[in-house]
Amino acid sequence: MKLFSNSLPFYKANFHCHTTESDGKLSPLSVVKFYKQAGYDILSITDHRAVTEINSNQILLIPGIEIDYSLPEQWVHILGFGMKNTISTLWNRFGMPQEGINLIRSLGGIAVLAHPAWSLNTPAFMRSLTGLSGVEIWNSVSTLPINADRADSSSLLDVTWASGGELIPVFANDDSHSYQSEAGVAATMIQAEELSVPAVMNALKAGRFYGTTGPLIYQIENRNNQEIIVHCSPAESVIFYSNNPWASGRSVIGHDITECTYFVQKNERFIRVEVRDSAGKKAWSSPIRV
Ligand SMILES: [Zn+2]
Ligand SMILES: [Zn+2]
């Protein structure tokens, strides 16, 4: 089974950013201009606690929001895509995160857990959530100089998935606020039938995307749950993560690797592919059930 279509194009998207409508430094139209100039096709403005509704023919805009909860031992930030701003009046900030996910879904949207490493989300908490359509494996603002270095949530997600968490697709988003070193870093590469809101929402629901800060993944094939075959832009390493701590052939190392195969081991329940280029930049696949 091939994870991606051989005929559909990949569009470059950032599904997480802020504007002057919440705590971002640029106006909504300036943010659109920034991402258009940076070569993105799709943008979701996810201001805190309200949907910023603007029109632009420069880039495809997916309506978005970021809602937040402070629990005693962790914060929880949830992105919602594809619903109208009625959510801002219906949302109860003193409720529980699961209620927020349910609300987003009841309004026709999809819910994605933002930056779990930054938020100190625990595997047990993440396993308790239902109805998520994805999670940020990378969040560009969650590192220096604005934050401690918790941009990469991959290890935390591996623990969550290895301990029975639902295998959900992964995003790499900027979460841009200042539009300096954190903006234009990451992309979620998504295969949609066309550049329209319904087509992108369908692709989001189908999980037809991967995250990257540089390398490109062209295709991943799961051959009978026995072999995982990766086609990518020239890489220095391709790493196959799973619920097994040890496996031989876990990493393929070299120069200009563009195709490689991993042989699934006994007891492996999921495989996740990470591609690294010569600059140390990474691309992340979603976890693949085997
Ligand atoms: Zn957040
Ligand atoms: Zn944010």
* To do: Among the residues of region 238-274, write down those that are surrounded by fewer than 17 Cβ atoms within 10 Å (Cβ to Cβ) and hydroxyl-bearing (S, T, Y).
  => S248, S251, T258, T261
* Residues (surrounded by fewer than 20 Cβ atoms within 10 Å (Cβ to Cβ), part of a loop (DSSP other than H, G, I, E, B) and under 21 Å from the mean Cα position of the chain (by Cα)) located in region 24-40 -> A38, G39
* To do: Would you mention how many residues in region 202-213 are closer than 14 Å to Y11 by Cα and surrounded by fewer than 19 Cβ atoms within 10 Å (Cβ to Cβ)?
  => 2
* Residues that are surrounded by fewer than 22 Cβ atoms within 10 Å (Cβ to Cβ), small (G, A, S) and within 16 Å of ligand 2 (Cβ to nearest atom), drawn from region 1-23 -> S22
* Answer with yes or no whether I137 is β-branched (V, I, T) and under 17 Å from M83 (Cα atoms). => no
* Structure fact -> Flagged in region 55-83 as within 17 Å of S22 (Cα to Cα), away from ligand 1 (no atom under 16 Å from the Cβ) and either small (G, A, S) or surrounded by fewer than 14 Cβ atoms within 10 Å (Cβ to Cβ) (or both), in numbering order, are none
* Checking G109 against (1) under 18 Å from the mean Cα position of the chain (by Cα); (2) within 24 Å of V197 (Cα to Cα); (3) surrounded by fewer than 20 Cβ atoms within 10 Å (Cβ to Cβ); (4) not aliphatic (A, V, I, L, M), the condition it does not meet -> (3)
* Pick from region 214-239 the residues that are among the hydrophobic types (A, V, I, L, M, F, W, C) and within 18 Å of the chain's Cα centre (by Cα): which of them is nearest to R272 (Cα to Cα)? -> I220
* Asked: Can you spot a residue in region 243-251 that is outside any loop (DSSP other than H, G, I, E, B) and under 20 Å from the mean Cα position of the chain (by Cα)?
  -> no
* To do: Within region 133-154, identify whether any single residue is closer than 21 Å to P287 by Cα and of a type in the set (V, I, T), and answer yes or no.
  => yes
* Structure fact -> When restricted to S233, S242, the only residue within 15 Å of F270 (Cβ to Cβ) and of a type in the set (G, A, S) is S242
* Structure fact -> How many residues of region 102-120 are at negative phi and within 16 Å of ligand 1 (Cβ to nearest atom)? The answer is 9
* Looking only at region 169-191, which residues are crowded, with 20+ Cβ neighbours inside 10 Å and in a loop (DSSP other than H, G, I, E, B)? -> P169, D174, D175, E182, A183, V185, A186
* Going by the conditions given, is E194 assigned to a loop (DSSP other than H, G, I, E, B) and buried (at least 17 other Cβ atoms within 10 Å of the Cβ)? -> no
* Within region 1-23, work out how many residues are more than 16 Å from ligand 1 (Cβ to nearest atom), over 20 Å from the mean Cα position of the chain (by Cα) and either closer than 16 Å to N139 by Cβ or hydroxyl-bearing (S, T, Y) (or both). => 2
* Assess whether I217 counts as being more than 16 Å from ligand 2 (Cβ to nearest atom), closer than 30 Å to G109 by Cβ, β-branched (V, I, T) and crowded, with 23+ Cβ neighbours inside 10 Å. => yes
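None of the figures in this text is laboratory data; all of them are computed from the coordinates on show. Since we're looking at a predicted model, the values are computed, not measured. Positions of Cβ are generated from backbone atoms using ideal geometry, with glycine treated the same way; all protein chains shown enter the neighbour counts.
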